[in-house]
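What follows is a single structure, written as structure tokens, with notes after it.
The values are calculated or read from the model by the stated rules, or taken from the named source; none is laboratory data. Everything numeric in this text was worked out from a predicted model, so none of it was measured. Here the Cβ is made from the backbone with ideal geometry for all residues, glycine too, and neighbour counts use every protein chain on show. With ligands, DNA and RNA removed, areas are computed over all heavy atoms of the protein, side chains included. Shrake-Rupley method; radii C 1.70, N 1.55, O 1.52, S 1.80 Å.
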Amino acid sequence: MSKSLFWLSDEAWSAMEPHRPRGKAGKPRVDDRRVISGILHVLKTGCRWRDVPAAYGPPTTIYNRYNRWSQRRIWQRIFEKMAAAGPVPDELSIDSSHVKAHR
């Protein structure tokens, strides 16, 4: 695996893994850790979905997973469950320097 790509750490995966959806009928999902790492890579770098590195899998799979889970509010539930599991920090900061501005 390339060092320039983003991969979920073992610690991050073990924290997130119990909150993934399970048992949905249909075609078996491909490697969740690889696809979710690809989704996070796109969100971190701002690249287009179709330009996601091949190591994460097909761009269509990565985009479809992100889109379907967004529509079903799965990302929101994962965030809420993981945020509730830890202590509340004294300070929080949001860095918006990656947000693109248009005229």
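Details
- Arg29 meets all of the listed conditions (1) part of a helix (DSSP H, G or I); (2) out of contact with any Gly (no Cβ under 8 Å at 6 or more places or on another chain) but one, namely (1).
- Where Tyr56 falls short, out of the listed (1) among the aromatic types (Phe, Trp, Tyr); (2) in contact (Cβ under 8 Å) with a residue 12 or more places away in the chain; (3) farther than 16 Å from Trp7 by Cα: (3)
- Count - residues of region 31-45 that are farther than 12 Å from Leu5 by Cβ and open to solvent by less than 40 Å² (accessible area, probe 1.4 Å): 4
- Within region 64-78, no residue satisfies the criterion of being open to solvent by 80 Å² or more (accessible area, probe 1.4 Å) and aromatic (Phe, Trp, Tyr).
- Tally, over region 48-63, of residues that are open to solvent by 40 Å² or more (accessible area, probe 1.4 Å) and over 12 Å from the mean Cα position of the chain (by Cα): 10
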